[in-house]
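Read through the structure below, which is laid out as structure tokens, and then see the notes.
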Amino acid sequence: MSLSFFWSRSFLLNRPFLWLLFIINLLGTGYGYIWYGNQLIDTVSEHPLWRIVFVPDSPTASLFFTVALLYLLFPPRRAQSKIGAGLRAIIEALAVVTSIKYGIWAVAMIFAGAWKGNPLHWQDWMLVASHLGMAVEALLFVRFFTFGRIALIAATGWLLLNDTMDYQLGLFPRLPRVLHDDLKAIELFTYSLSLFSMLLSWLMLLKGRRTGK
């Protein structure tokens with residue numbers, strides 16, 4: 001058995017494996033919202049309620065991917081309506097671009113903090129592993145999703161809106177204190193990463209559909 005088997009269609013779309021991924025992502029989503037608990041409480045008390053949707057970035061990305069997995073586990077038996085197909089495409093596009101973006105972003109922030117002297121604990125290594133997993137699974141599964149250019153542009157629009165809310169209204173995820181002086185650089189990195197995630201998603205989608213694997 002070659003290593004390529006583990007990113008083949010037959011392995012990745014195997015129902016037991018899909019269920020395992022679904023459970024892992026569902027549990028990770030729940031943990032992520034718990035991790036954001038204090039910031040969510042502070043946001044509700046200090047901001048209008050509608051802004052809360054822009055706070056928990058990674059768990060919401062994981063939630064989108066969890067729902068996208070359901071489409072693979074339970075593919076529609078009949079042709080979907082335009083609304084249903086459009087909703088699926090948006091969810092799948094959001095699942096991919098947000099998982100890539102926040103998977104990379106979180107790891108970058110953890111190691112940037114460590115580089116500036118913030119000590120790494122076991123929780124940080126757990127977050128590194130889980131967020132890298134988010135990015136990797138998005139890249140592996142993008143070729144199995146149905147979304148196209150329009151949904152990808154819409155999903156990227158959401159990312160850029162989220163970035164704007166984060167850095168104009170102070171809703172960004174809590175950072176190590178040693179990075180507080182670097183917010184402008186982090187803001188630029190975050191916007192750039194949103195565009196990079198869109199480009200990488202599109203390239204991987206085209207590659208997967210061209211090869212049919």
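The values are calculated or read from the model by the stated rules, or taken from the named source; none is laboratory data. Quick caveat, the model's predicted, so the values are computed rather than measured. Positions of Cβ are backbone-derived with ideal geometry, glycine not excepted, and every protein chain shown enters the neighbour counts.
Points worth noting:
- Of the residues making up region 77-97, just one is within 24 Å of F17 (Cβ to Cβ) and loosely packed, with under 11 Cβ neighbours inside 10 Å, namely R77.
- None of L127, L161 is under 16 Å from the mean Cα position of the chain (by Cα) and exposed (fewer than 14 other Cβ atoms within 10 Å of the Cβ) except L161.
- The selection criterion, being closer than 30 Å to A79 by Cβ and assigned to a helix (DSSP H, G or I), does not hold for A106.
- When T156, T211, T164, T190 are screened for being of a type in the set (S, T, N, Q), at negative phi and modelled with pLDDT under 95, only T211 passes.
- Evaluation of V67 against the conditions (1) closer than 21 Å to A151 by Cα; (2) of a type outside the set (K, R); (3) in contact with a Gly (Cβ under 8 Å, 6 or more places away or on another chain) shows that the sole unmet condition is (3).
- Residue check for Y71: closer than 19 Å to G103 by Cα, aromatic (F, W, Y) and more than 13 Å from the chain's Cα centre (by Cα): no
- Region 162-185 - residue that is among the hydrophobic types (A, V, I, L, M, F, W, C) and in a helix (DSSP H, G or I) and, of those, farthest from T60 (Cα to Cα): V178
- Near pairs, Cβ below 6 angstrom, 6+ apart or cross-chain, from region 184-213 (in contact (Cβ under 8 Å) with a residue 24 or more places away in the chain and within 21 Å of L169 (Cα to Cα)) to any residue that is part of a helix (DSSP H, G or I) and among the basic types (K, R): L193/K101; S194/K101
- Residues located in region 124-157, provided they are small (G, A, S) and assigned to a helix (DSSP H, G or I): A129, S130, G133, A135, A138, A151, A154, A155, G157
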